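Only one structure is covered here, and it is reproduced in the block below.
The values are calculated or read from the model by the stated rules, or taken from the named source; none is laboratory data. This is a predicted model, so every value here is computed, not measured. Don't worry about glycine lacking a Cβ; one is built from the backbone with ideal geometry, like all the others, and counts go over all protein chains shown. Please note that ligands, DNA and RNA were not included when accessible areas were found on the heavy atoms of the full protein model with its side chains. Shrake-Rupley method; radii C 1.70, N 1.55, O 1.52, S 1.80 Å.
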Amino acid sequence: MNMNRRESLGLLLGTACSAVAAEPWKVDVTQETMAPWGKTPDHLEPAKIQVPQFYYLAQFVSFPSFTEGQYLALVKGKQKGEYELRAAKAGGRDTKEPPKKTHAILVPEDLARTIYELWSNMLFETRYPKAAYHGLDGTTYVFSTFIRALGWMHGSVWSPDEDQPPGWITKLAGELHQFATQGSTNEAEITKRVTATRERYFAHLKKHGRH
């Protein structure tokens, strides 16, 4: 009898928690009301720009309104246990091929794993925003990963605020791009920054994530 009560209580609590976590969207069937205006969401949204698909671990492409963007990809190297960070200027929108000329730098497996963990977990949270936040000008950032048996995942964000997870990973991607192209910092420092961003995001995910 006690076991049944505990099970019933657990079921009720689970139902209540689900109701709080996922409030239904209130529609306007006349479509005369605009969606509310808001800040950058704390997650990525489905990407509308076509980007390259090959067997990378992580990919980042920026598309500014008036200047050239950045391209970054983390891939497995030719030798077992070898990983390569490639960086270049980004091509135009809706491109199927990565840039032909890239800067490349080898990175250790631990750093590759940390980048892969951050990218994949952010992309698992990709969903449509419930508030409009896009402007006329700015930059669209597209993040991608490939996971065996799941395939490619792509998520994007437009000119994110720095105090939200998309802003954290966008800033980090820019630092990784500089690391690969200019050697702007050493390996120990960039590893520290990647790890700190991953841990910061995992803490956020524990409180606010859905997967």
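I'm trying to understand the selection: among the residues of the range 77-113, which are open to solvent by 90 Å² or more (accessible area, probe 1.4 Å) and within 21 Å of the chain's Cα centre (by Cα)? Break it down into steps so the answer makes sense when it comes.
Initial filter on the range 77-113 (open to solvent by 90 Å² or more (accessible area, probe 1.4 Å)): 78-80, 89, 93-94, 96-97, 100-101, 103, 106, 110, 113.
Once the filter is applied, which keeps residues that are open to solvent by 90 Å² or more (accessible area, probe 1.4 Å) and within 21 Å of the chain's Cα centre (by Cα), the range 77-113 yields LYS89, ARG93, ASP94, LYS96, GLU97, ASP110, ARG113.
Every residue in the range 173-211 that is among the small types (Gly, Ala, Ser), under 23 Å from VAL61 (Cα atoms), assigned to a helix (DSSP H, G or I) and without any contact (Cβ under 8 Å) to a residue 40 or more places away in the chain, please.
ALA196
Has the range 66-75 got at least one residue that is over 16 Å from TRP119 (Cα atoms) and of a type in the set (Asp, Glu)? Before you say what the answer is, go through the steps one by one.
Going through the range 66-75, the residues over 16 Å from TRP119 (Cα atoms) turn out to be 66-70.
From the residues that got through so far, the ones that are of a type in the set (Asp, Glu) too are 68.
Looking for residues that are over 16 Å from TRP119 (Cα atoms) and of a type in the set (Asp, Glu), one finds at least one in the range 66-75, hence yes.
Applying the selection to the range 41-56, what residues are part of a loop (DSSP other than H, G, I, E, B), open to solvent by 10 Å² or more (accessible area, probe 1.4 Å) and within 13 Å of PRO166 (Cα to Cα)?
PRO41, ASP42, HIS43
From the list TRP168, TRP119, which residue is open to solvent by less than 40 Å² (accessible area, probe 1.4 Å), among the aromatic types (Phe, Trp, Tyr), touching a His at 6+ places or on another chain (Cβ under 9 Å) and modelled with pLDDT of 95 or more?
TRP168
Being under 17 Å from LEU205 (Cβ atoms), part of a loop (DSSP other than H, G, I, E, B), open to solvent by less than 90 Å² (accessible area, probe 1.4 Å) and not basic (Lys, Arg) is true for just one of THR126, THR145. Which residue is that? Steps first, please.
Details: THR145 fails: part of a loop (DSSP other than H, G, I, E, B).
From the options THR126, THR145, the qualifying one is THR126.
On the given criteria, is PRO24 at pLDDT 85 or above and surrounded by 10 or more Cβ atoms within 10 Å (Cβ to Cβ)?
Criteria not met by PRO24.
Which one is modelled with the lowest pLDDT, of the residues in the range 57-76 that are open to solvent by less than 60 Å² (accessible area, probe 1.4 Å) and hydroxyl-bearing (Ser, Thr, Tyr)?
Per the criteria, the residue is SER65.
Just need a number here: residues in the range 135-159 that are over 18 Å from GLU68 (Cα atoms) and either in contact with a Gly (Cβ under 6 Å, 6 or more places away or on another chain) or β-branched (Val, Ile, Thr) (or both).
Adding up the residues that qualify gives 2.
List, please: which pairs have Cβ atoms under 7 Å, are six or more places apart or on different chains, and start with a residue in the range 50-75 that is of a type in the set (Ser, Thr, Tyr) and end with one that is assigned to a loop (DSSP other than H, G, I, E, B)?
SER62/GLY69; SER62/ALA90; SER65/ASP137; SER65/GLY138; TYR71/ALA90; TYR71/PRO98; TYR71/PRO99
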